Amino acid sequence: PGTGVVVSPLIALMQDQVEALRQNGVRAACLNSTLGIEQALGVERALADGELDLIYMAPERLVTDRTLDLLARSRISLFAIDEAHCVSQWGHDFRPEYAQLHVLAERFPGVPRIALTATADAPTRADILERLTLQRARSFVSGFDRPNIRYRIGQFQSPREQLHRFLSREHPRDAGIVYCLSRRKVDAVADWLTAKGWTALPYHAGLGAETRALHQQRFLREDAVIIVATIAFGMGIDKPDVRFVAHLDLPKSVEGFYQETGRAGRDGQPADAWMTYGIGDVVTLRRIIEDSEADERFKRVEMHKLNAMLGFCETTECRRRVMLGYFGETLAQPCGNCD
């Protein structure tokens, strides 16, 4: 009995998730910065009055005194912390506001807590347990293998033409995602693909909120739409028939690559993870790490992750074996579904 609280960084997707739940008869709402004052007050009243089964909120909202006091006055059945790798400095997407979520254990010791992520190696999992005060919790780790995804990686020759050939030959009428490192490159590639006749939409943090929401909706609801994006796009996206994820730049880590490519083929049908990269990517990413304001220990971890990603690209072994080995799993035989 009571309300389940879902902690999520994905403000842009909360409304979609809430609408889907309501259509299934779940009394759901979200509390975030997109709501007007009257709407937010209405949601707060519904929570306090026990009229909600589930409420979504971002960690920044959750840890405010006002929200914690509201939760203390409400009947809470569960805290579910989604994208839990965001709490770990050793994860690939650390978010400082997640580090404050230990307050849940202190303020609500009698309420169950569950932390969920699709992408965490052993050090990240250990960090999640410690930072969220879940040391006594049980861990459930399923396999990392996505056997329906085919992995192919090559070096730059003419990246856009390589992408165009790949799409024309193998995915002429399919939905997919193309990842680029910079906003400028996202815009340029989206324009170039559009000029070539594809339905290609840009997505990055430099676009207005309405434009991002429109492009996201078109991708989710229309067929054969290609989103060209920075890594700002994708976490929490639930579109089962994404047939390919392409990278035109080297990801910063194997975890990042795994999570981004894992948006393909969620319906279990064959899908492609395709990438082309150049040694310039490595130079750029190393410079970004070295110039950041993070401490030296964190920089060393980031550099180690980047080197592991480069090793994954340059391996002559089965790619799936190398990737699963990174996450602590073994594959007895080469997979037969990589290059």
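The values are calculated or read from the model by the stated rules, or taken from the named source; none is laboratory data. Bear in mind that the values here come from a model prediction, so they are computed numbers and not experimental data. Neighbour counts run over all protein chains shown; Cβ positions are idealised from the backbone, glycine included. Accessible surface is based on the protein model in full, side chains and every heavy atom, while ligands, DNA and RNA are left aside. Shrake-Rupley method; radii C 1.70, N 1.55, O 1.52, S 1.80 Å.
When the residues of the range 161-202 are filtered to those that are polar (S, T, N, Q) and not in a helix (DSSP H, G or I), which remaining residue is nearest to Arg221 (Cα to Cα)?
Here the residue is Thr199.
If Tyr56 passes every condition in (1) among the hydroxyl-bearing types (Ser, Thr, Tyr); (2) in a loop (DSSP other than H, G, I, E, B); (3) modelled with pLDDT of 95 or more but one, which one does it miss?
Evaluating Tyr56 over (1) among the hydroxyl-bearing types (Ser, Thr, Tyr); (2) in a loop (DSSP other than H, G, I, E, B); (3) modelled with pLDDT of 95 or more leaves (2) as the failure.
Taking the range 59-117 on its own, how many of its residues are hydroxyl-bearing (Ser, Thr, Tyr), more than 14 Å from Ser8 (Cα to Cα) and in contact (Cβ under 8 Å) with a residue 40 or more places away in the chain?
Looking only at that region, the number is 3.
Which residue is nearest to Tyr98 (Cα to Cα), if the candidates are limited to the range 8-28 and must be open to solvent by less than 60 Å² (accessible area, probe 1.4 Å) and in a helix (DSSP H, G or I)?
Filtering the range 8-28 for residues that are open to solvent by less than 60 Å² (accessible area, probe 1.4 Å) and in a helix (DSSP H, G or I), the one nearest to Tyr98 (Cα to Cα) comes out as Ile11.
Filter the range 113-143 for residues that are in a loop (DSSP other than H, G, I, E, B) and hydroxyl-bearing (Ser, Thr, Tyr); which is farthest from Phe79 (Cα to Cα)?
Looking at the filtered set, the residue picked out is Ser142.
Given (1) aliphatic (A, V, I, L, M); (2) open to solvent by 50 Å² or more (accessible area, probe 1.4 Å); (3) over 23 Å from the mean Cα position of the chain (by Cα), identify the lone condition not met by Ala188.
Every condition holds for Ala188 apart from (2).
Counting just the residues of the range 75-116 that are acidic (Asp, Glu) and within 15 Å of the chain's Cα centre (by Cα), which one comes out modelled with the highest pLDDT?
Within the range 75-116, the match that is modelled with the highest pLDDT is Asp82.
Yes/no matrix, rows are residues, columns are (1) buried (at least 18 other Cβ atoms within 10 Å of the Cβ); (2) not acidic (Asp, Glu):
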position	(1), (2)
Val228	yes, yes
Pro240	no, yes
Phe244	yes, yes
Pro251	yes, yes
Glu255	yes, no
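Test each condition in (1) on the phi > 0 side of the Ramachandran plot; (2) in contact with a Leu (Cβ under 6 Å, 6 or more places away or on another chain) for Cys180 and report the one that comes out false.
Single failed check for Cys180: (1).
Being open to solvent by 20 Å² or more (accessible area, probe 1.4 Å), under 30 Å from Glu302 (Cα atoms) and not in a loop (DSSP other than H, G, I, E, B), is that true of even one residue in the range 74-88?
No, the range 74-88 contains no residue that is open to solvent by 20 Å² or more (accessible area, probe 1.4 Å), under 30 Å from Glu302 (Cα atoms) and not in a loop (DSSP other than H, G, I, E, B).
For the range 29-50, state whether one or more residues are within 24 Å of Gln217 (Cβ to Cβ), open to solvent by 40 Å² or more (accessible area, probe 1.4 Å), not in a helix (DSSP H, G or I) and not hydroxyl-bearing (Ser, Thr, Tyr).
Within the range 29-50, none of the residues are within 24 Å of Gln217 (Cβ to Cβ), open to solvent by 40 Å² or more (accessible area, probe 1.4 Å), not in a helix (DSSP H, G or I) and not hydroxyl-bearing (Ser, Thr, Tyr).
Does any residue of the range 54-70 turn out to be small (Gly, Ala, Ser) and open to solvent by 10 Å² or more (accessible area, probe 1.4 Å)?
Looking for residues that are small (Gly, Ala, Ser) and open to solvent by 10 Å² or more (accessible area, probe 1.4 Å), one finds none in the range 54-70, hence no.
Is it the case that the range 259-268 has a residue that's crowded, with 20+ Cβ neighbours inside 10 Å, within 22 Å of Gly143 (Cα to Cα), modelled with pLDDT under 90 and of a type outside the set (Lys, Arg)?
Yes, there is a match, as at least one residue in the range 259-268 is crowded, with 20+ Cβ neighbours inside 10 Å, within 22 Å of Gly143 (Cα to Cα), modelled with pLDDT under 90 and of a type outside the set (Lys, Arg).
If you check Ala122 against the conditions, is it under 30 Å from His304 (Cα atoms), touching a Gly at 6+ places or on another chain (Cβ under 9 Å) and open to solvent by less than 20 Å² (accessible area, probe 1.4 Å)?
no
Is it fair to say Arg150 is among the charged types (D, E, K, R) and assigned to a strand (DSSP E or B)?
Yes; evaluated as a whole, the condition is true for this residue.
Pairs, please: C-beta under 6 Å, at least 6 apart or cross-chain, first residue farther than 16 Å from Val178 by Cα and in the range 203-226, second open to solvent by 40 Å² or more (accessible area, probe 1.4 Å)?
Pairs that qualify, where the first residue is farther than 16 Å from Val178 by Cα and the partner is open to solvent by 40 Å² or more (accessible area, probe 1.4 Å), are Gly206/Arg183.
Looking at this structure, is Gln217 more than 23 Å from Met275 (Cβ to Cβ) and either under 20 Å from the mean Cα position of the chain (by Cα) or among the polar types (S, T, N, Q) (or both)?
Taking the combined requirement at face value, the residue satisfies it.
Return yes or no: is Glu222 open to solvent by 10 Å² or more (accessible area, probe 1.4 Å) and among the acidic types (Asp, Glu)?
Yes; evaluated as a whole, the condition is true for this residue.
Could you identify the single residue in Thr119, Thr67, Thr133 that is among the β-branched types (Val, Ile, Thr) and closer than 30 Å to Ala271 by Cβ?
Thr119
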